[in-house]
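Enquirer: Quick one: the structure is below, questions incoming.
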């Protein structure tokens, strides 16, 4: 009886989760695995956001075409996140600029933050998971 | 010597180490995440351009396309396909992979 009540209360807690993406797609499995975990997290009705910093900004580059690579092009999935109520995508401006990218190069609508704003956003989180 | 680099220059120093060691007349082939090193507009552009005075730089096309970077290859860098990769290995007496 007590256990049941605890579980109910536990289920009602909504925490802020941020998934931090720092790896380019395809060269390693991190970007794809991170995306899978984000999709799974949507089932738990938490307050989920994604941060893209360092080489993670390359995950959102438009025009990815993996036909001759024999790997799945998973970039369209970022556009489907909205359907899972994952709408908070933050991209660090400095990381984009260092790589010659602009917001127009990205395949999905994002919020561009400068480094200090991104740091503040991270500080707000209850849980950070890094890929 | 053919040098092969498969890491992003923004994440690892493999390309930088490679360029430091690559002697005049050698070739550098960028593959996998290494292809970002051959793209325009980034902070690594100047280093690659400086290196091209002494070494020939190649980049693997399929890896560029996968990453949506095929339309922003630096001038002077040659794009090769898998067959071109094989040719490069065959043409050079030895090769070094910078992991």
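Enquirer: What list do you get for A:18, B:69, B:21, B:1 if you sort them by fewest beta carbons within 10 Å?
Expert: B:21, B:1, A:18, B:69
Enquirer: Related question: For chain A, find the longest principal axis of its Cα atoms and tell me its angle to the long axis of helix A:30-41, 0 to 90°, nearest 10.
Expert: Roughly 30 degrees between the two axes.
Enquirer: Another question, then. Give the angle, between 0 and 90 degrees and rounded to the nearest 10, that separates the Cα long axis of helix A:2-11 from the longest principal axis of the Cα atoms of chain A.
Expert: That works out to roughly 30 degrees.
Enquirer: If you don't mind, another one. Could you tell me whether segment A:16-130 comes out rounded, prolate or oblate from its Cα gyration tensor? Rule is a ≥ b ≥ c as square roots of the eigenvalues, rounded for a/c under 1.5, then prolate if a/b exceeds b/c, otherwise oblate. All intermediate terms of the calculation are to be shown ahead of the outcome.
Expert: On the way: a/c = 1.74, a/b = 1.17, b/c = 1.49.
Because a/c hits 1.5 or more and a/b fails to exceed b/c, segment A:16-130 counts as oblate.
Enquirer: Given a cut-off of under 8 Å on Cα pairs at least six residues apart, what relative contact order in percent is computed for segment B:2-98?
Expert: After rounding, I find 33 percent.
Enquirer: FRET efficiency for residue B:47 and residue A:108, Cβ-Cβ distance as r, R0 = 30 Å, nearest 0.05? All intermediate terms of the calculation are to be shown ahead of the outcome.
Expert: Values: r = 31 Å, r/R0 = 1.02.
Efficiency, from the Cβ-Cβ distance: 0.45.
Enquirer: Continuing with this model, one more query. Rounded, prolate or oblate: which one fits the protein assembly as shown, using the alpha carbon gyration tensor with axes a ≥ b ≥ c (rounded when a/c is under 1.5, else prolate when a/b beats b/c, else oblate)? Display every interim value, and only then the final one.
Expert: Values: a/c = 2.60, a/b = 2.27, b/c = 1.14.
Because a/c hits 1.5 or more and a/b exceeds b/c, the protein assembly as shown counts as prolate.
Enquirer: Using Cα centres only, tell me the gap between segment A:48-123 and segment B:3-34 in whole Å.
Expert: Cα centroid of segment A:48-123 versus Cα centroid of segment B:3-34: 26 Å apart.
Enquirer: Considering every residue in A:61-69, what mean count of other chain Cβ atoms within 10 Å of its Cβ is obtained?
Expert: Rounded to a whole number, the mean comes out at 6.
Enquirer: Per-residue Cβ counts within 10 Å, from other chains only, averaged over B:59-68: what number is that?
Expert: 6
Enquirer: I've got another one for you. Shape of segment B:33-99 from its Cα gyration tensor (a ≥ b ≥ c, root eigenvalues): rounded if a/c is under 1.5, otherwise prolate when a/b > b/c, or oblate?
Expert: Cα axes put segment B:33-99 in the oblate bin.
Enquirer: Return the FRET efficiency for the residue pair residue A:97, residue B:95: r is the Cβ-Cβ distance, R0 is 41 Å, and the value is rounded to the nearest 0.05.
Expert: E(calc), rounded to 0.05, equals 0.75.
Readers should treat all values here as calculations from the given coordinates under stated rules, not as data from a laboratory. All values derive from a computational prediction rather than experimental measurement. Glycine gets a Cβ as well: all are built from the backbone with ideal geometry, and neighbour counts include every protein chain shown.
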